[in-house]
Amino acid sequence: MNYYVDVLKKYTVFSGRARRQEYWMFFLFNVAALIIVSILDAVIGTSPWLYALYALGTFLPNLAVTVRRLHDTGKSGWWFLISFVPLVGFIWLIVLLATAGNDQPNQYGVNPKAVQA
């Protein structure tokens, strides 16, 4: 749960690096929350308003952690735009996000594993 809250605290921090664990744990909690909110939305009968409000509220934190994750692999945050390429773009972005980060400091900062260890 700390990974989710930490990402929300840094909701507009696009600089630095994010570990794979930080990104994927946030992704997991965010998907779970989206499912819960959509079910709650359907039960209450306000569909799709709560879902849309939650998705809008977590858009910037999601984008920021994605950019920081790309920085960890040595890529610019602009690589996120590859997801808009039809058919292969989204798959390529997943591969980039799942790739291990650089062990050494890069132009985006020091290795976040070394800082937390």
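FYI, it's all coordinate maths here, none of it is from the lab. No experiment lies behind these values; they were computed from the predicted model shown. FYI the Cβ positions are ideal-geometry reconstructions off the backbone, even for glycines, and counts take in every protein chain you see.
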Tell me, LEU97, LEU63, LEU8, LEU81 in order of fewest to most beta-carbon neighbours within 10 Å?
LEU81, LEU63, LEU8, LEU97
Identify, among ALA52, VAL110, THR12, the residue whose Cα sits farthest towards the positive end of the charge dipole of the chain, taking +1 on the Cβ of Lys and Arg and -1 on the Cβ of Asp and Glu, with the dipole about the Cα centre.
VAL110
Size of charge dipole - region 1-116 - debye, nearest 20, with Cβ of Lys, Arg +1 and Asp, Glu -1, no other charges:
280
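Ranked by Cβ crowding within 10 angstrom, fewest neighbours first, how are VAL65, VAL7, VAL115 ordered?
Placing the least packed residue first, the sequence is VAL115, VAL7, VAL65.
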Expected 222 nm ellipticity per residue - DSSP helices of 4 or more, -39500 (n - 2.57), all of the chain, to 500:
-19000 deg cm²/dmol
